[in-house]
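A short worksheet on the structure shown next.
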């Protein structure tokens, strides 16, 4: 049998084929090492990666689902509040209480819950049930997510406390945070409390603030001016 030719006697074509085979073997070996490393990595961390991916997807889906749920609740509460306003225009006390209670009980965490409590409080107060009105106003103060609703509830509750001659409670409520749009009303009611306490100087000062902060064309100014005039000039 003819011995194999040494590399010295191989022609260029044979050398190229040999080099290609060598390169392919090196590539296959490197590729296999990478595959083995990947298998080992996946074996060690694959479960954790899958768990993290599932958790991320669940969180994303949960956030989107919660936002959709909140939006749907807000839309339902809005539709119910429109009906409550219609009942208010008709002065349908029974319907106001029914719709208001539904909003407070089922949608109390939305902005419409405290607003419904304000409507029910006014209805109950005008119907002679000041205790129920006060309870609803306090609930609105505690639950309101915006300062304006809470401030309006405090103002109305302070008026009830004045009627009950609970002057200190009324003044404490009137010391609460309120926006510029309510400054005049707060000052006017504070003046009423001071008049009831016999504190004419304090009442006079409060009424002057109410006049300064009220709109020049407001008919409400006339009432405040009458109260101020009734106190006289003072010392």
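Readers should treat all values here as calculations from the given coordinates under stated rules, not as data from a laboratory. It should be emphasised that the depicted structure is a prediction, and the values quoted were computed from it without experimental measurement. Reconstructed Cβ throughout: ideal geometry from the backbone, glycine too, with neighbour counts over all protein chains shown.
Some points to look at:
- Whole-number percent relative contact order across region 78-235, with pairs defined as alpha carbons under 8 Å at least 6 apart: 12
- Across all directions, the average flat footprint of the convex hull enclosing the Cα atoms of region 166-235 is 4.6 nm².
- Projected label points at residue 85 and residue 98, each 7 Å from Cα along the beta carbon direction, are separated by 2.1 nanometres.
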